[in-house]
1. When only residues in segment 105-124 that are in a loop (DSSP other than H, G, I, E, B) and not charged (D, E, K, R) count, which is surrounded by the fewest Cβ atoms within 10 Å (Cβ to Cβ)?
2. Which pairs have Cβ atoms under 8 Å, sit 6 or more apart or on different chains, and link a residue in segment 10-25 that is farther than 15 Å from ALA41 by Cα to one that is assigned to a helix (DSSP H, G or I) and among the charged types (D, E, K, R)?
3. Scan segment 113-157 residue by residue and report those that are of a type in the set (A, V, I, L, M, F, W, C) and more than 34 Å from the chain's Cα centre (by Cα).
4. Just for helices (runs of 4 or more DSSP H) wholly inside segment 16-103: which have at least 1 residues that are modelled with pLDDT of 90 or more?
5. Which of the residues spanning segment 29-46 are farther than 19 Å from HIS63 by Cα and either outside the structural domain of ASP67 (by TED's automatic domain parsing) or touching a helix residue (DSSP H, G or I) at 6+ places or on another chain (Cβ under 7 Å) (or both)?
6. Mind listing whichever residues of segment 79-104 are loosely packed, with under 12 Cβ neighbours inside 10 Å and touching a residue at least 24 places away in the same chain (Cβ under 8 Å)?
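The values are calculated or read from the model by the stated rules, or taken from the named source; none is laboratory data. What you see is a predicted model, and the numbers here were worked out from it, not measured in a lab. Because the Cβ atoms are built from the backbone with ideal geometry, glycine has one as well, and the counts that use them run over all protein chains shown.
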Amino acid sequence: MRHNYNNTRRKLYLPEYGRHIHEMVDQLSEIEDRDERNRQARAVIAVMGNLQPLLRDTADFTHKLWDHLFIMSDFQLDVDSPYPRPTREELTITPRKMEYPQERIQFKHYGKYVARMIRELRNEPNREATAVAIDSLARYMRSKSFEYNQEHPNNEVIIKDIKLLSEGGIEIDEVALNNLRSDYKHTFTARPQKGPQQRMQQRGGGKNLGQKQYPNQKMRPNAAPRKNAGDGQQRHNSQR
């Protein structure tokens, strides 16, 4: 007995429709009568629509089904479609290859945009606006240097890096840099996990962990009640 495995069959163009739909499309090409072929093609379109119920609400649902019909026939089916017949070239357009940046980042912890802004500010005619922008960039560079090195950076390093990135076109005063507010992002340690005892104490459980609190009673519920002095006197009089 000869077995027919899927790996020996031809490849499915649209596997989501299954092999039976592909075989139905192949049989459409064998119908010689054009009117009968068009009628059977519309019947296959109806079956394909039942297999994709989630796409019925889309505006071009029927258009997609007809395109899929031509794709499964390898664009060889000759039927009258209510939509323009697609071609292989239209559906196999490869996207343009993306161009990745190849420039080398001089200071990776600052990023390429910091270096780009400093180079642009080098040719800025408004010196006052340049000074304000450089102050903001210097504060940002200090915070990034602190995050990268986990230690407070020296202002001389920031001044040197700005001068190097601007190719000597921008110089910042160390006194002005010292007066800038630091924006260091300190790392926070994780909060300690609280156990049952800590949670009970936080709720007001006190030292008596696991015991019920009775605010109106000073004794535990299982303790024996105190004897009243008047009870003993009444018992002595009754015995007489």
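1. ASN123
2. LEU12/ARG19
3. LEU121, ALA129, ALA131, VAL132, VAL157, listed by residue number.
4. Per the criteria, 18-28, 34-51, 61-72.
5. The answer is ILE31, and nothing else.
6. Scanning segment 79-104 gives ASP80, LEU91.
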